[in-house]
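To keep things clear, I will list the structure first and then write my remarks on it.
The values are calculated or read from the model by the stated rules, or taken from the named source; none is laboratory data. Keep in mind the model is a prediction, meaning the values are calculated, not measured. Note that we place each Cβ from the backbone using ideal geometry, even for glycine, and neighbour counts take in every protein chain shown.
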Amino acid sequence: MNNTEALTSTPVNGHGISTLAQVRRVIICAGTGCMANGAMKVFEQFKSEIAGAGLKVILELRAEATSDEIRLSKSGCQGFCQMGPLVSVVPDGILYTKVRKEDVAEIVQTTLAGNQVVERLLYKDPATRKSCQGIEDNPFYARQSRFVLHECGFLDPEDIHEFMLHGGYQAARKAFVEMAPEEICKTILDSGLRGRGGGGFPTGRKWEAARIQNSTKKYVICNGDEGDPGVFMNRSVMEGNPHSVIEGLMIAARAIGANETLVYVRAEYPLAVERMRNAVAAAEREGILGKNVFGTGLSMKCEVMEGAGAFVCGEETAMIASIEGQRGMPRPKPPFPAQSGLWGKPTIINNVETLAHVCRILNEGPEVFKQIGTKESPGTKTFALTGHVSNTGLVEVPFGTTLREIVYNIGGGVTDDAGKIWKTGFKAVQIGGPSGGCLTEEHLDLPLAYESLRAVGAMVGSGGLVAMNQGTCMVSIARFFMEFTQRESCGKCVLCREGTRQLLALLDDVIEGRADQNTLALLDKLGRAVQIGSLCGLGKTAPNPVLSTMRYFRKEYEEHVFEKKCRTGRCKALLSPEINQVKCKGCGLCIKACPTGAITGEKKQPHHINPELCIKCGACATACKIHAVEGI
């Protein structure tokens with residue numbers, strides 16, 4: 001099939017099987033998480049078992065496929081990461097969870113051959129304990145609006161023909177053949193699309209700023225350098241639907257007058273790098289990339305580059321420096337990249353999720369896009385939901401969705417450290433990663449959008465959501481994120497380089513019992529100075545976790561400083577070990593284990609710990625077989 005035939009075939013909406021191939025289908029989630037848990041072994045076992053059962057199996061989507069054939073394919077991340085490996089059977093509407101190689105024979109015989117459901121492999125809702133056959137009755141999926149992520153969990157990321165049969169590259173063709181560059185920019189501006197990388201800058205304005213530049217050479221860069229801890233949305237889109245990223249790049253390039261694009265992916269994402277490169281090669285083979293794009297006489301080049309993994313390279317100017325072979329360090333703006341970027345030429349940089357929205361806007365129109373979300377923040381946003389929730393994974397919801405909806409309805413509720421539902425256990429959510437802030441119980445009904453989050457000292461960021469239960473020490477959480485940003489600082493700014501180091505040292509004083517009455521005031525003053533004086537977004541947002549936790553959990557900080565106590569028991573230096581006088585049998589094992597002689601007591605009599613000699617090493621607690629040592 002050449003690109004002309006594919007792009008003039010009837011497109012479909014991506015929410016079902018193509019009208020050109022109404023076949024039964026088994027889809028194995030082949031995102032990074034499921035692959036790490038053995039998804040490819042499951043895939044190979046399906047090939048063997050389907051053939052062994054005498055059923056017809058096809059591995060490639062064909063327009064001439066018949067209804068008695070079974071299509072076996074891989075997809076990108078289906079989102080429900082905690083329940084992987086995932087296996088979907090469509091159009092039956094069945095989703096099997098935690099599938100192992102040993103389960104495949106039963107699925108083939110019971111479902112594919114017998115048209116029955118394997119009940120034990122269905123997801124069970126922890127709230128109702130009811131089995132959920134498919135995504136429609138699964139609360140994790142049913143409450144989402146999966147536009148970017150749906151195709152990631154449905155299409156075969158390594159099959160360009162399937163992407164085109166489902167309407168892929170139709171928007172790019174429209175941009176090149178039917179629309180002028182200024183019309184494309186206006187369409188994106190009218191849609192209200194804002195950058196999904198964290199800053200939320202209007203995408204259409206950025207494109208228009210580059211379009212009006214008088215230059216014979218311009219560039220478009222896709223920012224796939226996703227570096228926040230626990231965040232993997234862009235990674236999953238590149239792995240699951242790489243052609244949507246390429247199509248978005250092509251449209252952006254047409255809008256500003258560029259003929260060269262680049263995808264910057266961090267080297268820690270080997271599967272994303274591989275699938276993006278394969279997708280570029282496939283698009284070149286089909287004549288979609290290269291010379292004479294869609295018969296217009298225009299050329300288009302796309303290159304995939306691996307980044308070195310520095311968090312600061314997610315900042316536009318630092319990324320440009322990295323691509324040019326320099327050390328990844330930001331530079332002052334203006335000039336902005338749209339004026340002078342890569343090799344001194346006008347350049348726009350959009351993140352993966354932003355580009356994945358573009359083709360839908362061109363296909364359906366800006367007004368349809370604006371109907372979703374809020375007035376100032378239209379469309380959907382993907383979040384990586386992790387931490388103390390029952391259902392972790394990737395979620396996509398309209399802007400304006402409340403935190404309560406995400407944590408309790410989609411996430412299934414807050415859990416304790418053992419993974420059991422803890423109804424009154426919600427404490428906070430860290431949103432936006434190390435650049436973001438903390439949201440508390442009072443924010444559970446706050447609509448999540450750029451403006452509303454900024455008003456409470458937080459930000460959308462790249463989309464990380466870490467839920468925390470009551471057993472979480474907020475001072476330790478602030479220290480965790482501060483340690484990350486301090487380590488990732490490029491060192492160019494004194495306030496960022498030295499300020500983050502001092503903030504980390506002050507937090508160490510707090511959790512190790514060395515802080516005094518001046519420490520909290522100094523934390524606040526220094527944090528605000530780093531915000532004001534840093535050059536790039538990393539430094540300006542680095543103090544956010546500290547300042548927001550101090551704002552909403554001041555009492556917890558004061559307990560650490562003035563009472564030398566950590567209410568959660570997480571800060572080891574603040575623990576006060578003691579021996580339970582009722583439990584202790586006087587066996588003497590703790591005395592033998594103590595390296596400092598801090599424990600005394602007669603045999604068969606309750607023992608005691610001298611706090612002045614105790615170094616809180618935990619040796620006594622380890623030695624005690626009846627768990628009489630407490631507070632350590």
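Residues in region 305-326: is at least one in contact (Cβ under 8 Å) with a residue 40 or more places away in the chain and more than 28 Å from the chain's Cα centre (by Cα)? No: zero hits.
Each row is one residue, and each column tells you yes or no for (1) closer than 30 Å to ILE251 by Cα; (2) out of contact with any Gly (no Cβ under 9 Å at 6 or more places or on another chain); (3) modelled with pLDDT of 95 or more; (4) of a type in the set (Val, Ile, Thr).
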| residue | (1), (2), (3), (4) |
| --- | --- |
| THR354 | yes, no, yes, yes |
| TYR408 | no, yes, no, no |
| ALA418 | no, yes, no, no |
| GLY432 | yes, no, no, no |
| VAL456 | no, no, no, yes |
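Could you please let me know if GLY463 is within 21 Å of GLY373 (Cβ to Cβ), in contact with a Ser or Thr (Cβ under 9 Å, 6 or more places away or on another chain), outside the structural domain of GLY197 (by TED's automatic domain parsing) and not aromatic (Phe, Trp, Tyr)? In short, yes. GLY198 meets each of the listed conditions (1) part of a loop (DSSP other than H, G, I, E, B); (2) more than 26 Å from the chain's Cα centre (by Cα) apart from (2). Considering region 359-388, the residues that are in contact with an Asp or Glu (Cβ under 7 Å, 6 or more places away or on another chain) and assigned to a helix (DSSP H, G or I) include one that is farthest from GLU247 (Cα to Cα), namely PRO366. Filtered by the rule that a residue be in contact (Cβ under 8 Å) with a residue 40 or more places away in the chain and either touching a helix residue (DSSP H, G or I) at 6+ places or on another chain (Cβ under 9 Å) or among the basic types (Lys, Arg) (or both), region 551-566 gives ARG551, TYR552, PHE553, GLU556, TYR557, HIS560, VAL561, LYS564, CYS566. Please enumerate the residues belonging to region 557-577 that are more than 29 Å from the chain's Cα centre (by Cα) and either farther than 27 Å from GLY436 by Cβ or among the charged types (D, E, K, R) (or both). The answer is GLU558, GLU559, PHE562, GLU563, LYS564, LYS565, ARG567, LYS572, ALA573, LEU575, SER576, PRO577.
Right, ALA252: in a loop (DSSP other than H, G, I, E, B), outside the structural domain of VAL395 (by TED's automatic domain parsing) and crowded, with 24+ Cβ neighbours inside 10 Å or not? Answer is no for this residue.
Of the residues ARG454, ARG487, the single one that is of a type in the set (Lys, Arg) and more than 30 Å from LYS616 (Cβ to Cβ) is ARG454.
For region 489-512, filtered to residues that are touching a Ser or Thr at 6+ places or on another chain (Cβ under 8 Å) and in contact (Cβ under 8 Å) with a residue 60 or more places away in the chain, the residue that is nearest to LEU575 (Cα to Cα) is ILE511. Is there a residue being in contact with a Phe, Trp or Tyr (Cβ under 6 Å, 6 or more places away or on another chain), assigned to a loop (DSSP other than H, G, I, E, B) and closer than 30 Å to GLY393 by Cβ anywhere in region 212-228? Within region 212-228, one or more residues are in contact with a Phe, Trp or Tyr (Cβ under 6 Å, 6 or more places away or on another chain), assigned to a loop (DSSP other than H, G, I, E, B) and closer than 30 Å to GLY393 by Cβ.
The rows are residues; the columns are (1) touching a residue at least 24 places away in the same chain (Cβ under 8 Å); (2) more than 18 Å from the chain's Cα centre (by Cα).
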| position | (1), (2) |
| --- | --- |
| PRO398 | yes, no |
| ARG404 | yes, yes |
| ASN409 | yes, yes |
| VAL414 | yes, yes |
| LYS423 | no, yes |
| GLN430 | yes, no |
| PRO434 | yes, no |
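Filtering ALA593, ALA515 for residues that are in contact with an Asp or Glu (Cβ under 6 Å, 6 or more places away or on another chain) and either in the same structural domain as THR622 (by TED's automatic domain parsing) or in contact (Cβ under 8 Å) with a residue 40 or more places away in the chain (or both) leaves a single hit, ALA515.
At least 1 residues being more than 30 Å from ALA455 (Cβ to Cβ) is the threshold, and among the helices (runs of 4 or more DSSP H) wholly inside region 528-632 those reaching it are 554-562, 589-593, 619-623.
Kindly indicate whether GLY513 is at positive phi, at pLDDT below 95 and in contact with a Cys (Cβ under 9 Å, 6 or more places away or on another chain). So GLY513 passes the test. Based on what the data block shows, is LYS47 at pLDDT 90 or above and in a helix (DSSP H, G or I)? Against the criterion (at pLDDT 90 or above and in a helix (DSSP H, G or I)), LYS47 qualifies. Once region 263-286 is narrowed to residues that are hydrophobic (A, V, I, L, M, F, W, C) and out of contact with any helix residue (DSSP H, G or I) (no Cβ under 7 Å at 6 or more places or on another chain), the residue that is farthest from ASP228 (Cα to Cα) is ALA281.
Evaluation of ILE188 against the conditions (1) among the β-branched types (Val, Ile, Thr); (2) closer than 21 Å to ARG25 by Cβ; (3) within 28 Å of the chain's Cα centre (by Cα) shows that the sole unmet condition is (2).
Applying the criterion of being among the basic types (Lys, Arg) and more than 30 Å from THR541 (Cβ to Cβ) to the residues of region 417-441, the residue that is surrounded by the fewest Cβ atoms within 10 Å (Cβ to Cβ) is LYS423.
Given the structure, is LYS124 modelled with pLDDT of 95 or more and not assigned by TED's automatic domain parsing to the domain that holds LYS420? It is false that LYS124 is modelled with pLDDT of 95 or more and not assigned by TED's automatic domain parsing to the domain that holds LYS420. Can you name the condition, by its number, that GLU247 falls short on among (1) assigned to a helix (DSSP H, G or I); (2) of a type outside the set (Gly, Ala, Ser); (3) within 22 Å of GLY76 (Cα to Cα); (4) in contact with a Leu (Cβ under 6 Å, 6 or more places away or on another chain)? The one condition GLU247 does not meet is (4). The criterion of at least 1 residues that are small (Gly, Ala, Ser) and either in the same structural domain as PHE399 (by TED's automatic domain parsing) or touching an Asp or Glu at 6+ places or on another chain (Cβ under 9 Å) (or both) is met, among helices (runs of 4 or more DSSP H) falling completely within region 137-183, by 139-142, 170-177.
If you go through region 517-552 and keep only what is among the hydrophobic types (A, V, I, L, M, F, W, C) and within 30 Å of GLU612 (Cα to Cα), you end up with LEU520, ALA521, LEU522, LEU523. Considering only region 84-108, how many residues are part of a loop (DSSP other than H, G, I, E, B), within 20 Å of GLY33 (Cβ to Cβ) and not hydroxyl-bearing (Ser, Thr, Tyr)? Going through region 84-108 one residue at a time, the tally reaches 6.
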